[in-house]
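Contents: one structure, followed by commentary.
The values are calculated or read from the model by the stated rules, or taken from the named source; none is laboratory data. Just so it is clear, the structure is predicted and the values come from calculations on it, not from any experiment. Using ideal geometry, Cβ is built from the backbone for each residue, glycine included, and neighbour counts are taken over all protein chains shown.
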Amino acid sequence: MSATIITFPGLHTATCLGTSAKNLVSDTRAADNNKPRPDSSSHAPTDRRRKKDGKSRSVEPNIQEIRGENGKLSYRVQIRKFVSGRSISFTKTFSKLSMARKWKKRKIAEIEIDGVEAVSRSGDTVADAITARLAKHKSLGRSAKQQLGWVKASGFGKKKLNGLSLDDLTDLADEMLGEERQPQTVAGYLTILVNTLHWASKRGFSVPIAAMKEAMEHMWEDEILARSEERDRRPTIDELNKILDAVVENKRQKIPLVKIIVFAIFSCRRLGEICRIRWEDLRIEKKQILVRDMKHPKKKKGNDVWCDLTDEALAIILSMPREGDLIFPFKTTSVGTAWRRHRDRLGINDLRFHDLRHEGITRLFEMGKPAAFVANHSGHKNGGCLFRYEHVEQEGDRFLDWPWTLRAADQADPDKM
């Protein structure tokens, strides 16, 4: 039986194969199998995914071979993952293929164990964490923002978060001290920095926070850091009178600065607390006000404290118009600027708004009030914090019959003063 073969130009189709034809096909396949295979280590352009410029080709999934201008080869690993509709890429280049394969294997294992998001954060820097905190907490105080901004722009800000060590934080402290910053100033910078790193560690950033906290403990123990110096600056009655007179004479002053200054003394409140107290938190019958998020060395948010009000402080509150939720609806920055402007124009040196709170606490002790009574007004939880106020050098109320007491509460006729 003969084989019938129909031939078309460029196409060979066998409609029926005889025994000899079958043997021919078999022999041809065998011959193909016996042909020498190309060396896998050769760089012949056999990969169909080679780029048109001939400078790179795909060696295997996720690894690309790149030929430099001098003919030197390198291997780029690129792993792409999609999370929540966005692409996350992990890329690194090596001089040897074996190193590229090892990194690729390790990175894929990390992704499977820790997840894409966590692994992608491994390259984050200190500056990245600070940027995230500043974007989230826009209500941070001016000092905190300034301190974080300095760290972000420093060499420390460029350090990888996951590579931070105890020595890194200590070196930063030494650098700042070398720039003639005081130990208490450095303590402030590092405290807000470590708090920010702790915040970041709870939000997916890879931070060795235990090492950072340990570094802080060591620096406190070794007295590299120090607490803020205790101030004993007190305003004189003459200084207060001059400032308040200047405020009244300034017709452009819209903020009721007289009320706020006098209230700070008689309420023993910080400026930030004054601008936060609310009408709904006022207990007139009990003469109390709820101070929300009171300053605390370890806890600020949620540290709400009921504080007693002196008669003078309550009278000033009741003199304020009830036009919103806040009793003193003004920005702390605006009040602070107004205070400094009037103080500086009068040439009064080294008197801070916060000194008014100290004056109010000292006044209560000079009036013979016990520590428990004072703590109920100041909001102190730790009696030891009041120790430096208890040893007074004079007795009595230096603000007795002070005309600004009534004037701030709108209980006196300014024209008769």
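For Ser206, the requirement of being among the small types (Gly, Ala, Ser) and closer than 22 Å to Arg363 by Cβ is not met.
Residue-wise test of (1) part of a helix (DSSP H, G or I); (2) in contact with a helix residue (DSSP H, G or I) (Cβ under 8 Å, 6 or more places away or on another chain); (3) not assigned by TED's automatic domain parsing to the domain that holds His198.
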{"position": "Ala132", "(1), (2), (3)": "yes, yes, no"}
{"position": "Leu140", "(1), (2), (3)": "no, yes, no"}
{"position": "Gln146", "(1), (2), (3)": "yes, no, no"}
{"position": "Lys152", "(1), (2), (3)": "yes, yes, no"}
{"position": "Asp168", "(1), (2), (3)": "yes, yes, no"}
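Within the stretch 213-256, the set of residues being part of a loop (DSSP other than H, G, I, E, B), in contact (Cβ under 8 Å) with a residue 24 or more places away in the chain and within 30 Å of Leu190 (Cβ to Cβ) comprises Glu223, Ile224, Leu225, Ala226, Arg227, Ser228, Glu229, Glu230, Arg231, Arg233. Say we look at the stretch 316-357 and pick out the residues that are among the β-branched types (Val, Ile, Thr) and either surrounded by 15 or more Cβ atoms within 10 Å (Cβ to Cβ) or not assigned by TED's automatic domain parsing to the domain that holds Leu257 (or both); which of these is nearest to Lys242 (Cα to Cα)? By that ranking, first place goes to Ile348. Give the stretch 185-212 a look and list any residue that's part of a loop (DSSP other than H, G, I, E, B) and either without any contact (Cβ under 8 Å) to a residue 24 or more places away in the chain or of a type outside the set (Val, Ile, Thr) (or both), or say none. Listed by number, the residues that qualify are Lys202, Arg203, Gly204, Phe205, Ser206, Pro208.
Of the numbered criteria (1) surrounded by 12 or more Cβ atoms within 10 Å (Cβ to Cβ); (2) at pLDDT below 90, the one Ala109 fails is (1).
Residues in the stretch 40-81 that are within 18 Å of Arg101 (Cα to Cα), in contact with a strand residue (DSSP E or B) (Cβ under 8 Å, 6 or more places away or on another chain) and at pLDDT below 50: 1 in all. State all residues of the stretch 306-332 that are modelled with pLDDT of 95 or more, within 34 Å of the chain's Cα centre (by Cα) and polar (S, T, N, Q); if no residue qualifies, say none. Hits for the stretch 306-332: nothing passes. Say whether the condition of being within 13 Å of the chain's Cα centre (by Cα) and β-branched (Val, Ile, Thr) is met by at least one residue in the stretch 178-187. No, every residue in the stretch 178-187 fails to be within 13 Å of the chain's Cα centre (by Cα) and β-branched (Val, Ile, Thr). With the requirement that a residue be in contact with a Cys (Cβ under 9 Å, 6 or more places away or on another chain) and either at positive phi or in a loop (DSSP other than H, G, I, E, B) (or both), what does the stretch 328-359 give you? Across the stretch 328-359, the qualifying residues are Phe328, Pro329, Phe330, Lys331. If only residues of the stretch 278-294 that are touching a helix residue (DSSP H, G or I) at 6+ places or on another chain (Cβ under 8 Å) and part of a loop (DSSP other than H, G, I, E, B) are counted, the one that is surrounded by the fewest Cβ atoms within 10 Å (Cβ to Cβ) is Ile284. Residues that are modelled with pLDDT under 85 and assigned to a loop (DSSP other than H, G, I, E, B) were ranked within the stretch 377-408; the one that is surrounded by the most Cβ atoms within 10 Å (Cβ to Cβ) is His380.
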